[in-house]
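Worksheet: the structure to be examined is printed underneath.
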Amino acid sequence: MLGAVFAALNRYSAVRIHAPPRKPLSVVITGGSKGLGKALVRELLLCGDRVILTSRTQSGADRTVAQLRQELKQELGPRIPVYGFVCDVSDPADVLALDSHARRMLGQLAASTQLLV
C-alpha cells in the first residue's frame, strides 16, 4: 500500500498546475546565463513572459539565448521573447545601459518592469 502511495506521488508531483491566463510580464534576470537564473528564465518563458537575461560576458548571453530558443522552439514557436545583455550589476554604468536596453527591447512594458531578479 505504501509503495502505491509513493508511486502516485511520484507520478503527479511533476505535473504543472494550470494557472489562469494573465498578461505577460516584462522580466529582467541578472545572472540568467546559467544555473538557477537560467532555469528561472526558462520557466518564465514557458509562462509567456518576455525576458532579458544578463551575463558578464557577451558569449555567455549569446550562448544562453541560443540554447533557450532551440530548447523551447517546439513548445513556443520560432519567436521566443528572450534577449541577452552584458551587464556587471556592480557597475552603475552597466546598470543604466541595461535599463535603456530593456526599454528598447521590451517596449512600453519595460518602463514598468514587473520583475527584476
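Laboratory data are not the source of any read-out in this text; all were calculated from the coordinates shown. Bear in mind that the values here come from a model prediction, so they are computed numbers and not experimental data. Please note: Cβ atoms are built from the backbone with ideal geometry, for glycine as well, and neighbour counts cover all protein chains shown.
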| request: Rank-order 66-76, 37-47 by packing density, defined as the average count of other C-beta atoms within 10 Å over each peptide's residues, highest first. | output: 37-47, 66-76
| In terms of the Cα gyration tensor, with a ≥ b ≥ c the square roots of its eigenvalues, is region 30-116 rounded because a/c is under 1.5, prolate because a/b exceeds b/c, or oblate? | oblate
